[in-house]
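The structure appears right after this line, and notes come after that.
The values are calculated or read from the model by the stated rules, or taken from the named source; none is laboratory data. Small disclaimer: the values here were computed from a predicted structure and weren't measured. When we count neighbours, we look across all protein chains shown, and the Cβ atoms used for this are built from the backbone with ideal geometry, even at glycine. Note: areas computed on protein heavy atoms with side chains; ligands, DNA, RNA excluded. Shrake-Rupley method; radii C 1.70, N 1.55, O 1.52, S 1.80 Å.
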Amino acid sequence: MSAPLLSIVIPVCNEAGNVAGVVEEVRAAFDGRVGYEILFVDDGSDDGTAGEIAAEIAAAPGIVRAVTHAARGGKSRALINGAKAARGRFMATMDGDGQDDPASLAKMWDRLCEGSAPDPRMLVCGWRTERKDGFRRKLVSRIANGVRRGLLGDGTPDTACGLKLMHRETFLELPHFENMHRFLPALFARRGHRTVSVPVAHRPRNAGVSKYGTFDRLWAGLWDLIGVMWVMRRMRYPDMREGPE
């Protein structure tokens, strides 16, 4: 079987009630559109998620794959390990809680492919213009996005959205650290890539519970922001030419 062009990496932790529905919707959105694979990264689940993923792998061998963490490593580590295991030249990310709509991800893929082929120097980010979260979560997200845009100038209205599309090797070349997934637009921009935000659907949870608190995420994000500013000042990507000048 030839390698797919697109790998859809989906971190999950205790999402047994959502796995089957996510696979069904991804397949409905991408079958016949592009060669793809669905790669779940099970981040230390203990609720039967692994069994649900195994059932989907058995039902769709070669399309559904999995990486498993013996203990919880966090979302960024799940994305990094998923990217390492993925086979596609391009990588999409989405959350496994059912709130992200794969049909929106398909629209983002179309945006990446506006030319004759997908653009390896573009990062496409989802923008949840109508979030289906509670008031406190939306307020915290609005504050965090405003502070981040002001300090990093990444021009992205919703970096916390799980829906993103990117060149996989570029992602693997970025500095890797906890919570890096929240700062991908700034990190890609430092590499000279263009970021585009596409409005996407957002839905309430159907099953399970969120793994994040509300204000604890805000305070952690502020510390992360300071660290990212330090890292970006030290990122250097000079152009390379073969042979002597």
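With respect to A20, is the statement that it is surrounded by fewer than 23 Cβ atoms within 10 Å (Cβ to Cβ), at pLDDT 95 or above, over 24 Å from M122 (Cα atoms) and not charged (D, E, K, R) true?
Answer is yes for this residue.
List the residue pairs whose Cβ atoms are under 8 Å apart, where the first residue sits in segment 64-91 and is under 22 Å from P175 (Cβ atoms) and assigned to a strand (DSSP E or B), the second is open to solvent by 40 Å² or more (accessible area, probe 1.4 Å) and basic (K, R), and the two are 6 or more positions apart or on different chains.
H69/R77
Of all residues in segment 187-236, count the ones that are under 17 Å from S76 (Cα atoms), open to solvent by less than 60 Å² (accessible area, probe 1.4 Å) and modelled with pLDDT under 90.
10
Every residue in segment 1-36 that is over 22 Å from L112 (Cα atoms), touching a Ser or Thr at 6+ places or on another chain (Cβ under 9 Å) and either part of a helix (DSSP H, G or I) or among the β-branched types (V, I, T) (or both), please.
V12, V19 - these are the residues of segment 1-36 that are over 22 Å from L112 (Cα atoms), touching a Ser or Thr at 6+ places or on another chain (Cβ under 9 Å) and either part of a helix (DSSP H, G or I) or among the β-branched types (V, I, T) (or both).
For segment 35-49, which positions are closer than 19 Å to E25 by Cα and out of contact with any helix residue (DSSP H, G or I) (no Cβ under 8 Å at 6 or more places or on another chain)?
Passing the criteria: G35, E37.
Select, from G35, G62, the only residue that is surrounded by fewer than 17 Cβ atoms within 10 Å (Cβ to Cβ), more than 30 Å from F177 (Cβ to Cβ) and modelled with pLDDT under 95.
Testing whether each residue is surrounded by fewer than 17 Cβ atoms within 10 Å (Cβ to Cβ), more than 30 Å from F177 (Cβ to Cβ) and modelled with pLDDT under 95 leaves just G62.
Please list, ordered by first then second residue, the pairs with beta carbon atoms under 6 Å, 6 or more apart or interchain, first in segment 194-207 and assigned to a loop (DSSP other than H, G, I, E, B), second hydroxyl-bearing (S, T, Y) and open to solvent by 30 Å² or more (accessible area, probe 1.4 Å).
Final answer for the pair search is none.
Checking the condition assigned to a helix (DSSP H, G or I), open to solvent by less than 40 Å² (accessible area, probe 1.4 Å), at pLDDT 90 or above and not polar (S, T, N, Q), which residue from L184, L172 passes?
Step by step, each of L184, L172 is checked, and only L184 is assigned to a helix (DSSP H, G or I), open to solvent by less than 40 Å² (accessible area, probe 1.4 Å), at pLDDT 90 or above and not polar (S, T, N, Q).
With the checklist (1) under 14 Å from the mean Cα position of the chain (by Cα); (2) assigned to a helix (DSSP H, G or I) in hand, flag the one item R111 doesn't pass.
Condition (1) is where R111 drops out.
For segment 37-63, enumerate the residues that are part of a loop (DSSP other than H, G, I, E, B) and of a type outside the set (A, V, I, L, M, F, W, C).
G44, S45, D46, D47, G48, G62
Any idea which residue in segment 38-50 is surrounded by the most Cβ atoms within 10 Å (Cβ to Cβ), counting only those that are of a type in the set (G, A, S) and under 24 Å from K84 (Cβ atoms)?
S45
Tell me which residues, restricted to segment 175-186, are among the small types (G, A, S) and within 18 Å of G73 (Cβ to Cβ).
Matches in segment 175-186: none.
How many residues does segment 111-168 contain that are modelled with pLDDT of 65 or more, open to solvent by less than 60 Å² (accessible area, probe 1.4 Å) and acidic (D, E)?
3
Quick one: L5 ticks every box in (1) over 15 Å from the mean Cα position of the chain (by Cα); (2) modelled with pLDDT under 95; (3) under 22 Å from E173 (Cα atoms) except a single one, so which number is it?
The failed condition is (2).
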